1. Write out, first by first residue and then by second, each pair whose Cβ atoms fall under 9 Å of each other, whose residues are 6+ apart or on separate chains, and whose first residue, in the stretch 53-69, is surrounded by 15 or more Cβ atoms within 10 Å (Cβ to Cβ) while the second is among the small types (Gly, Ala, Ser) and at pLDDT 90 or above.
2. Taking the stretch 118-128 as the region of interest, how many residues are out of contact with any Pro (no Cβ under 9 Å at 6 or more places or on another chain) and either in contact (Cβ under 8 Å) with a residue 40 or more places away in the chain or at positive phi (or both)?
3. What about Ala123, is it surrounded by 14 or more Cβ atoms within 10 Å (Cβ to Cβ) and either assigned to a helix (DSSP H, G or I) or among the charged types (D, E, K, R) (or both)?
4. In the stretch 129-152, which residue that is touching a Pro at 6+ places or on another chain (Cβ under 9 Å) and part of a helix (DSSP H, G or I) is surrounded by the most Cβ atoms within 10 Å (Cβ to Cβ)?
5. Check whether at least one residue in the stretch 112-119 is closer than 11 Å to Val155 by Cβ and touching a Phe, Trp or Tyr at 6+ places or on another chain (Cβ under 8 Å), and report yes or no.
6. Name the single residue that is nearest to Ile129 (Cα to Cα) among those in the stretch 51-81 being among the acidic types (Asp, Glu) and modelled with pLDDT under 90.
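The values are calculated or read from the model by the stated rules, or taken from the named source; none is laboratory data. Just so we're clear, the structure is a prediction, and the values are computed from it rather than from any experiment. Note that we place each Cβ from the backbone using ideal geometry, even for glycine, and neighbour counts take in every protein chain shown.
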Amino acid sequence: MSKLTVMLAASLLLVSCENVDKSMHDQNYAKVEKVARIPAPVGAVPILGSKVKIDYAGADPAKLTAPYPLDASAVARGERFYGIYCVPCHGASGKADTKIAAKMDVPPLSLVAEHAVKELKDAEIFLKIVASDSIMPKYRAELDDNEAWDVVAYVRELQKTAK
């Protein structure tokens, strides 16, 4: 076979394969329902495990308490979340001595210095985490209530061990 014959056969093969059977383009399909057709019975538990998150904007810190003791296990869990969400601005030591903090127009507060942060109640720190009304971002979408309370426990531990 000559090269011309091979090239001609290859080009005919490529051209002939395009949309030979349009059944792939014209097929019927079902759209996924976004809303259940039948409402769930009262008291039903969602099977996807979605957690309802409370909006704490305007909440009274005097009425909030941790749902469990902020003990060593809470501190251990809180260390992980603090490392993810708090370290970039407040630093691993809590002193707000990071490169990011140095470049901010309004630097973050040191969590361990002798000032107002140590005087805050646990619920006030919790509200700063989940419903901040200042320059600090709200972490409501990222943390559930228990995770935010764990961060409070870790901040308290940092304050105890600060030098």
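1. So the pair list comes out as Ala59/Ala123; Pro61/Ala123; Leu64/Ala123; Ala66/Ala74; Ala66/Ala123; Ala66/Ala153.
2. Residues that pass the stated criteria total 1.
3. Numbers: surrounded by 14 or more Cβ atoms within 10 Å (Cβ to Cβ): yes; either assigned to a helix (DSSP H, G or I) or among the charged types (D, E, K, R) (or both): yes.
Considered against the rule, which asks whether it is surrounded by 14 or more Cβ atoms within 10 Å (Cβ to Cβ) and either assigned to a helix (DSSP H, G or I) or among the charged types (D, E, K, R) (or both), Ala123 comes out as yes.
4. Going residue by residue through the stretch 129-152, those that are touching a Pro at 6+ places or on another chain (Cβ under 9 Å) are 135-136, 145-146, 149.
Checking which are part of a helix (DSSP H, G or I) leaves us with 145-146, 149.
Numbers: Asp145: 18, Asn146: 14, Trp149: 26.
Checked the stretch 129-152; the qualifying residue surrounded by the most Cβ atoms within 10 Å (Cβ to Cβ) is Trp149.
5. Within the stretch 112-119, the first condition is being closer than 11 Å to Val155 by Cβ, and the residues that meet it are 112, 117-118.
Now drop any that are not touching a Phe, Trp or Tyr at 6+ places or on another chain (Cβ under 8 Å), which leaves none.
No, there is no match, as no residue in the stretch 112-119 is closer than 11 Å to Val155 by Cβ and touching a Phe, Trp or Tyr at 6+ places or on another chain (Cβ under 8 Å).
6. So in the stretch 51-81, the residues among the acidic types (Asp, Glu) come out as 55, 60, 71, 79.
Next, from what is left, pick out any that are modelled with pLDDT under 90: 55, 60.
Working: Asp55: 12, Asp60: 14 Å.
Checking each candidate, the answer is Asp55.
Table: residues versus (1) in a helix (DSSP H, G or I); (2) under 17 Å from Gln159 (Cα atoms).
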site: Asp55; (1), (2): no, no
site: Gly58; (1), (2): no, no
site: Ala76; (1), (2): yes, yes
site: Arg80; (1), (2): yes, yes
site: Ile84; (1), (2): yes, no
site: Ile100; (1), (2): yes, no
